[in-house]
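S.K.: Just dropping this structure here.
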Amino acid sequence: MAGAAADPREAAFQASIDAERSVEPRDWMPERYRATLIRQIAQHAHSEIIGMQPEGNWITRAPSLRRKAILLAKVQDEAGHGLYLYSAAETLGVSRSELVEMLQTGRQKYSSIFNYPTLTWADVGTIGWLVDGAAITNQLALTKTSYGPYARAMVRICREESFHQRQGFELLAQLSRGTPAQRAMAQDAVDRWWWPSLMMFGPPDGSSPNSAQSMKWKIKRVSNDELRQRFVDMTVPQAQALGLTLPDPELNWNESSGHYDFGPIDWDEFAKVLNGDGPCNAERIRVRREADSGGAWVREAARAWAAKHSHPAAGDAA
Amino acid sequence: MKERGSWPLWEVFLRGRRGLAHQHVGSLHAPDWELAVQNARDLYTRRGEGVSIWVVESAVIHASDPDDGGPLFDPPADKVYRHPTFYEVPEDLKL
Ligand SMILES: [Fe+2]
Ligand SMILES: [Fe+2]
């Protein structure tokens, strides 16, 4: 990497970034910029794809046709988000099959939040409200990321996300105004998802080694801690409106900072879940692999059909 | 897993509504153009974003070289007389 740093094109690249010019696929870019983006976009794509599972588990058990249609539409959106992001990653020279392979062999990660189980129907509402809420906070900042295809995917995704958060909020609002048992179910779900949601923004700024370079390249525009604070400030009044409490005794409005203070996050748990030791890590990958091998015959049939017909694709090497 | 990689990549263009040109919205993989159109409908028009879809195989698109950006697009910059603001005319005449 020392050689790359000496490349005179690197200074021109940084100057272009500093001038707020976005980077496009065929531009020259430092290999480390490319590698950082591939890792980040792939991890983001994998999160959308794996993220379909916890909620997808409830599609057949949704309590009404209305809720089932909403949940189906939301999960389908997440599949779409995964596909937009895989396409964006592919513009950097990595292939789709490599990306899928890296997810399924665990060489690339996905957000640790999706390794928690969805135990009750209230979890579906809580994921929409908190997990999608945290994702939106993060993704809004990324609409201004320096890599053009990533930024454009984010704009599209953000447009679709707001329904995700609102349907979750509405679902929880109904439960918390329902029977005591429904209300307790809503509170229990919020108690379990609150802290993992805060972890979604990643380690604190002081122990986030790659952040400084990502900020310099404007891949990242806002730091982990600042995004986390934005999310807390936005969410506390929403919890109050729901009549639910957030499980943090240290959560308090701070008059002088103009923000909510909150208690310490259990980073050991974060590291544990990220490194494979969460409640659902093995199941998530197993289900993904089964979906992949179960769909192989469909891909095979589509290819055979395309090969037989008179409009073969020009890019088909065969 | 190899077979997925051999599905070619397609660029997707949508006409947002009648009267507008098709615009690039993204890309996807599909074995042929018919499935590319189907997939584009599912992926890019879930909320009525378009009334017409074009798919073009990425491999057949030819593009200008980004490194030529300067030499290729500079000439118009010194031909300022191509722009209406180059000319001084009485302001009240609605020219
Ligand atoms: Fe998403
Ligand atoms: Fe979402």
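The values are calculated or read from the model by the stated rules, or taken from the named source; none is laboratory data. Here the structure is a predicted model, which means the values were calculated and not measured. Here the Cβ is made from the backbone with ideal geometry for all residues, glycine too, and neighbour counts use every protein chain on show. The accessibility values were calculated without ligands, DNA or RNA, using every heavy atom of the protein model including side chains. Shrake-Rupley method; radii C 1.70, N 1.55, O 1.52, S 1.80 Å.
S.K.: Condition test on A:Gly178, is it surrounded by 14 or more Cβ atoms within 10 Å (Cβ to Cβ) and under 21 Å from A:Asp123 (Cβ atoms)?
M.R.: Against the criterion (surrounded by 14 or more Cβ atoms within 10 Å (Cβ to Cβ) and under 21 Å from A:Asp123 (Cβ atoms)), A:Gly178 does not qualify.
S.K.: I've got another one for you. Going through region A:14-36 one residue at a time, which ones are touching a helix residue (DSSP H, G or I) at 6+ places or on another chain (Cβ under 7 Å) and part of a helix (DSSP H, G or I)?
M.R.: Of everything in region A:14-36, those that are touching a helix residue (DSSP H, G or I) at 6+ places or on another chain (Cβ under 7 Å) and part of a helix (DSSP H, G or I) turn out to be A:Glu31, A:Arg32, A:Thr36.
S.K.: Let me ask another. If A:Pro54 satisfies all but one of (1) open to solvent by 20 Å² or more (accessible area, probe 1.4 Å); (2) under 16 Å from the mean Cα position of the chain (by Cα); (3) within 13 Å of ligand 2 (Cβ to nearest atom), what's the number of the condition it fails?
M.R.: (1)
S.K.: What number of residues within region A:29-51 are within 11 Å of ligand 1 (Cβ to nearest atom) and open to solvent by 10 Å² or more (accessible area, probe 1.4 Å)?
M.R.: Total meeting the criteria: 4.
S.K.: Within region B:36-59, track down each residue that is more than 24 Å from A:Glu160 (Cα to Cα) and facing chain A (nearest Cβ under 8 Å).
M.R.: Within region B:36-59, B:Glu57, B:Ser58, B:Ala59 meet the criteria.
S.K.: Can you tell me which residue in region A:119-155 is nearest to A:Leu37 (Cα to Cα), limited to those that are within 14 Å of chain B (Cβ to nearest Cβ) and open to solvent by 30 Å² or more (accessible area, probe 1.4 Å)?
M.R.: A:Arg152
S.K.: Out of the residues in region A:74-94 meeting the condition of being open to solvent by 40 Å² or more (accessible area, probe 1.4 Å) and at the interface with chain B (Cβ under 9 Å from one of its Cβ atoms), tell me which one is farthest from A:Val124 (Cα to Cα).
M.R.: The qualifying residue farthest from A:Val124 (Cα to Cα) is A:Thr91.
S.K.: Quick check on my filter: what residues within region B:1-60 are in a loop (DSSP other than H, G, I, E, B), within 26 Å of A:Ala69 (Cβ to Cβ) and among the aliphatic types (A, V, I, L, M)?
M.R.: B:Val51
S.K.: Here is a list: B:His22, B:His29. Which entry is within 14 Å of chain A (Cβ to nearest Cβ), in contact (Cβ under 8 Å) with a residue 12 or more places away in the chain and not charged (D, E, K, R)?
M.R.: B:His29 is the lone residue from the list that is within 14 Å of chain A (Cβ to nearest Cβ), in contact (Cβ under 8 Å) with a residue 12 or more places away in the chain and not charged (D, E, K, R).
S.K.: Report the residue count in region A:199-247 for those that are surrounded by fewer than 20 Cβ atoms within 10 Å (Cβ to Cβ) and aromatic (Phe, Trp, Tyr).
M.R.: Matching residues across region A:199-247 total 0.
S.K.: Take A:Gly148 and tell me if it is modelled with pLDDT of 95 or more and within 16 Å of ligand 1 (Cβ to nearest atom).
M.R.: No, not satisfied.
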